[in-house]
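Beneath this line is the structure, given in structure tokens, with notes to follow.
The values are calculated or read from the model by the stated rules, or taken from the named source; none is laboratory data. What you see is a predicted model, and the numbers here were worked out from it, not measured in a lab. Heads up, the Cβs are rebuilt from the backbone with ideal geometry, glycines too, and the neighbour counts pull from every protein chain shown. Surface areas here come from the heavy atoms of the whole protein model, side chains and all, with no ligands, DNA or RNA. Shrake-Rupley method; radii C 1.70, N 1.55, O 1.52, S 1.80 Å.
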Amino acid sequence: MPNPVKRGRPTVEDVLQVGRSTVGDVLQIGRNTVEEVLHVGRSTVEEVIQVGRNTVESARQLRQATMQAAVLHGRQDIRIEDVPVPRAEAGELIVRVGAALTCGTDLKVFRRGYHARMIVPPALFGHELAGTVVEAGAGVEGFPNDSRVVALNSAPCGQCYFCKRGQENLCDDLLFNNGAYAEFIRIPARIVAKNTLIIPDHVPLEHAALTEPLACAVHGFLDSNPHPEDTVAVIGGGPLGLMMVHVAALSGCKVIAIVKRDGQVEAARQLGAAHIIKSSSIQKSIRETRALTPNNRGVDIAIEAVGVPEAWEEAVEMVRKGGTVNFFGGCAVGTHVKLDTNRIHYSDITLRATFHHTPAICRKALDLIASGRFQAGAFITGHAHLYELNRVFEKLMNRSSEIKTAIVP
Ligand SMILES: [Zn+2]
Ligand SMILES: [Zn+2]
């Protein structure tokens, strides 16, 4: 009788053998299938990317001919026109504008129809912007396509007497750039080299666009010789006045905001003012400001951020002995003020009148925005398309409670 155990073993072995081959086959087939699928998948993705690239490229090519841009033709006359898309020459960048912010200077230009130093119509205008790089000219480094950048409105020469002394804001040959209210803007080589900054990923473009006005405010504040816990009066509740209030409060100063309108009261409070005086009477606001200081002695620093002679004079009257006044608001050409020379001399008052910004201050301003301490969102109170620009400025002229409107072209 054959041994059933012996007979059983080959069978088991056979079965195992067959089983092993089958698993091996299946694994092999499986592997091939996966490989094929991966391959097909890869090709498809590659194709999609390629098609995407071509589409973007052709979109750019199509756009190359013209773009929509705001052209200032004169007083309160903005027209949205098809103009040639700028191309990057050596050292230049073309930026797709992501957000362009309205500004007091632009409002002045809109009202007057020109700007002595910056704009002679017909001209593109707007100068507070952030966006993404779409083209770089020969020799540009550090700004690949799609970089998110804030390009400042000016850059100093770096060669003149003032630049060499670190007073680049006073550069004899300050180069200005305008044209932010448009789909694309050309950034001149000097601004690319000196005043174009990469925006950290977590900072929205419209917040980064605040770099320019904030740089002016930071510059004006630092120029006023501040110490922590100083009492600082800020006259004026416009965009720059409110920025000054916020910068001073963030630096640990006690801020008295002197404003005219209800909307400004709320904004000043939110941005850190310890006291808010709402008054249209200069004498009254001087009295009330002094009353907030020990023995009515006056504030350590008074910053004028309106740009009218009455406010310049008011600032001098509310500061303490040995204090500092900063005439931060620029008045119309040909304006004169009356100041009490005795008061200035015997009270040893320092008078400053800070203008514009320097490359170093611009970097500080963007750092402050990126820090999250600065409430960038509070300054942008509206959004509008390029086509609404006239209406936006008309609204700003009518003293609405808007601070800044982000134009999204
Ligand atoms: Zn501005
Ligand atoms: Zn210079």
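Looking at this structure, is GLY131 away from ligand 2 (no atom under 16 Å from the Cβ), within 20 Å of GLY91 (Cβ to Cβ) and more than 23 Å from the chain's Cα centre (by Cα)? Walk me through it before giving the result.
Numbers: away from ligand 2 (no atom under 16 Å from the Cβ): yes; within 20 Å of GLY91 (Cβ to Cβ): yes; more than 23 Å from the chain's Cα centre (by Cα): no.
Considered against the rule, which asks whether it is away from ligand 2 (no atom under 16 Å from the Cβ), within 20 Å of GLY91 (Cβ to Cβ) and more than 23 Å from the chain's Cα centre (by Cα), GLY131 comes out as no.
Counting only residues that are open to solvent by less than 20 Å² (accessible area, probe 1.4 Å) and of a type outside the set (Val, Ile, Thr), segment 231-249 holds 9 of them. Which number in (1) modelled with pLDDT of 95 or more; (2) open to solvent by 20 Å² or more (accessible area, probe 1.4 Å); (3) under 30 Å from LYS278 (Cβ atoms) marks the one condition that PRO228 misses? Going through (1) modelled with pLDDT of 95 or more; (2) open to solvent by 20 Å² or more (accessible area, probe 1.4 Å); (3) under 30 Å from LYS278 (Cβ atoms) one by one, PRO228 breaks only (1). Considering ALA378, ALA365, ALA353, the condition of being at negative phi, open to solvent by less than 70 Å² (accessible area, probe 1.4 Å) and free of Cβ contacts under 8 Å to residues at least 60 places away in the same chain is satisfied by ALA353 alone.
None of GLU313, GLU304, GLU317 is under 31 Å from the mean Cα position of the chain (by Cα) and among the charged types (D, E, K, R) except GLU304. May I ask you to verify whether VAL333 is part of a loop (DSSP other than H, G, I, E, B), open to solvent by 40 Å² or more (accessible area, probe 1.4 Å) and closer than 23 Å to ALA209 by Cα? For VAL333, the condition - part of a loop (DSSP other than H, G, I, E, B), open to solvent by 40 Å² or more (accessible area, probe 1.4 Å) and closer than 23 Å to ALA209 by Cα - is not met. Every condition in (1) at positive phi; (2) under 27 Å from the mean Cα position of the chain (by Cα); (3) assigned to a strand (DSSP E or B) is met by GLY322 except one, and the failing one is (2).
Number of residues in segment 65-82 that are touching a residue at least 40 places away in the same chain (Cβ under 8 Å), in a strand (DSSP E or B) and either among the polar types (S, T, N, Q) or buried (at least 18 other Cβ atoms within 10 Å of the Cβ) (or both) equals 8.
Whenever a residue of segment 162-186 is within 16 Å of ligand 2 (Cβ to nearest atom), its partners that are modelled with pLDDT under 95, lying with C-beta atoms within less than 6 angstrom and at least six residues away or across chains, give the pairs PHE176/MET118. Looking across segment 207-223, the residues that are buried (at least 24 other Cβ atoms within 10 Å of the Cβ) and assigned to a loop (DSSP other than H, G, I, E, B) come down to ALA209, LEU210. For segment 207-216, the condition holds for no residue, the condition being that it is away from ligand 1 (no atom under 16 Å from the Cβ), of a type in the set (A, V, I, L, M, F, W, C) and either within 18 Å of the chain's Cα centre (by Cα) or modelled with pLDDT of 95 or more (or both). Of the numbered criteria (1) of a type in the set (A, V, I, L, M); (2) modelled with pLDDT of 95 or more; (3) in contact with a helix residue (DSSP H, G or I) (Cβ under 6 Å, 6 or more places away or on another chain), the one LEU396 fails is (2).
Taking the criterion of being in a loop (DSSP other than H, G, I, E, B), away from ligand 1 (no atom under 16 Å from the Cβ) and under 15 Å from the mean Cα position of the chain (by Cα), the residues of segment 146-204 that qualify are ILE199, PRO200, ASP201, HIS202, VAL203, PRO204.
So, in segment 88-115, of the ones that are of a type in the set (D, E, K, R) and at pLDDT 95 or above, which residue ends up nearest to ligand 2 (Cβ to nearest atom)? Full working, then the answer.
Step one: of segment 88-115, the residues of a type in the set (D, E, K, R) are 89, 92, 96, 106, 108, 111-112.
Adding the requirement that they be at pLDDT 95 or above leaves 89, 92, 96.
Numbers: GLU89: 22, GLU92: 20, ARG96: 30 Å.
So, considering only residues that are of a type in the set (D, E, K, R) and at pLDDT 95 or above, the one nearest to ligand 2 (Cβ to nearest atom) is GLU92.
Only one of these is surrounded by 16 or more Cβ atoms within 10 Å (Cβ to Cβ), closer than 12 Å to LYS194 by Cα and either at pLDDT below 95 or in contact with a helix residue (DSSP H, G or I) (Cβ under 6 Å, 6 or more places away or on another chain) (or both): ALA130, ALA155. Name it.
Details: ALA130 fails: closer than 12 Å to LYS194 by Cα.
Going through ALA130, ALA155 in turn, just one is surrounded by 16 or more Cβ atoms within 10 Å (Cβ to Cβ), closer than 12 Å to LYS194 by Cα and either at pLDDT below 95 or in contact with a helix residue (DSSP H, G or I) (Cβ under 6 Å, 6 or more places away or on another chain) (or both): ALA155.
Being of a type in the set (Asp, Glu), touching a Pro at 6+ places or on another chain (Cβ under 8 Å), in contact (Cβ under 8 Å) with a residue 12 or more places away in the chain and within 16 Å of ligand 1 (Cβ to nearest atom) is a description that applies to GLU128.
Take VAL120 and decide whether it is more than 16 Å from ligand 1 (Cβ to nearest atom) and in contact (Cβ under 8 Å) with a residue 12 or more places away in the chain. Can you show your working first?
Values: more than 16 Å from ligand 1 (Cβ to nearest atom): yes; in contact (Cβ under 8 Å) with a residue 12 or more places away in the chain: no.
Considered against the rule, which asks whether it is more than 16 Å from ligand 1 (Cβ to nearest atom) and in contact (Cβ under 8 Å) with a residue 12 or more places away in the chain, VAL120 comes out as no.
Pairing residues of segment 90-111 that are open to solvent by less than 10 Å² (accessible area, probe 1.4 Å) and within 10 Å of ligand 1 (Cβ to nearest atom) with residues that are polar (S, T, N, Q) and at pLDDT 90 or above, at Cβ distances under 6 Å and at least 6 apart in sequence or on separate chains, gives THR102/THR405. With respect to the conditions (1) part of a helix (DSSP H, G or I); (2) open to solvent by less than 10 Å² (accessible area, probe 1.4 Å), ALA406 falls short on a single one, namely (1).
Within segment 138-148, can one find any residue that is among the β-branched types (Val, Ile, Thr), away from ligand 2 (no atom under 16 Å from the Cβ) and either open to solvent by less than 20 Å² (accessible area, probe 1.4 Å) or under 30 Å from ALA249 (Cα atoms) (or both)? I'd like the intermediate steps shown before the answer.
Step one: of segment 138-148, the residues among the β-branched types (Val, Ile, Thr) are 140.
Among the residues that remain, those that are also away from ligand 2 (no atom under 16 Å from the Cβ) are: 140.
Then drop every residue that is not either open to solvent by less than 20 Å² (accessible area, probe 1.4 Å) or under 30 Å from ALA249 (Cα atoms) (or both), which leaves none.
No, segment 138-148 contains no residue that is among the β-branched types (Val, Ile, Thr), away from ligand 2 (no atom under 16 Å from the Cβ) and either open to solvent by less than 20 Å² (accessible area, probe 1.4 Å) or under 30 Å from ALA249 (Cα atoms) (or both).
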